[in-house]
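Structure record follows, encoded as structure tokens.
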Amino acid sequence: MNKPDSLRQALSQGIEYLGHNPDALQLYVDKGSVVSSDFPANGWEYRYTLNAVITDFAGDQNLVTAVVCNWLPTHQPDALNNPELREKIFRFEVDIIRNDLVDIAIYLMLTERVIVTESGGIATVAAATEPDEPEIWLDHRHG
């Protein structure tokens, strides 16, 4: 799975606090499942909730949301183009420790496709790129 590391990079680059305090960001993959299909090619799709937890954050919470919202169109465009999935893809919780300090938990419903190809008896496994438009076989995810 590539998206957890990609989100970590985006948050660390976009939020100075996380760039200086990498241990303040923990990532967890929750409720993971694998769906295998022969269409459009041999492979499978990971479906999971990525839980990103930012601890002891004293910055602007809107900046965190902006970084995530900027990351999603590149990494989960099909869900953003689907009105039903768009409503569910990004959830959050905030634990207010003090007036100036919070812990933030972000929950992103994500998918990653993996394609298996064979050439000369050798199988290759590779992450598929994200589609620009929703595909018919992906429309019923997370449901």
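What does the charge dipole of the stretch 62-132 about its Cα centre add up to, to the nearest 20 debye, if the Cβ of each Lys and Arg holds +1 and the Cβ of each Asp and Glu holds -1? Charge dipole, the stretch 62-132, about its Cα centre: 40 debye, nearest 20. Computed from backbone phi, the HN-Hα couplings of the stretch 103-116 come to 10, 10, 10, 10, 10, 10, 7, 10, 9, 9, 8, 10, 10, 10 Hz, rounded to whole numbers (Karplus: 6.51 cos²θ - 1.76 cosθ + 1.60, θ = phi - 60°; Gly and Pro given as x). The charge dipole of the stretch 14-83, taken about its Cα centre with unit charges on the Cβ of Lys, Arg, Asp and Glu (plus for the first two, minus for the last two), comes to roughly 160 debye.
Here the stretch 80-100 is scanned for amide nitrogen atoms under 20 Å from the site 7 Å beyond the Cα of V29 along Cα-to-Cβ, giving 89-91.
Only protein atoms count toward the accessible area here, which uses a 1.4 Å probe; on the stretch 1-100, the carbon and sulfur part of that area reaches 48 percent. What the phi angles of the stretch 78-83 give under the Karplus curve with 6.51, -1.76 and 1.60, with θ = phi - 60°, is a coupling list of 4, 5, 5, 7, 10, x Hz, glycine and proline written as x. The GluC sites (Glu not before Pro) of the stretch 1-94 that DSSP puts in a loop, and whose beta carbon has at most 16 other beta carbons within 10 Å, are E87. Between T49 and H20, the distance separating the two model label sites (each 7 Å from Cα on the Cα→Cβ line) works out to 3.3 nm.
Summing charges over all other residues whose Cβ lies under 15 Å from the Cβ of N21, with Lys and Arg as +1 and Asp and Glu as -1, gives -3.
The values are calculated or read from the model by the stated rules, or taken from the named source; none is laboratory data. Bear in mind that the values here come from a model prediction, so they are computed numbers and not experimental data. Every residue, glycine among them, receives a Cβ derived from its backbone with ideal geometry; neighbour counts consider all protein chains shown. Quick note on the areas: whole protein, heavy atoms, side chains included, nothing else; ligands and nucleic acids left out. Shrake-Rupley method; radii C 1.70, N 1.55, O 1.52, S 1.80 Å.
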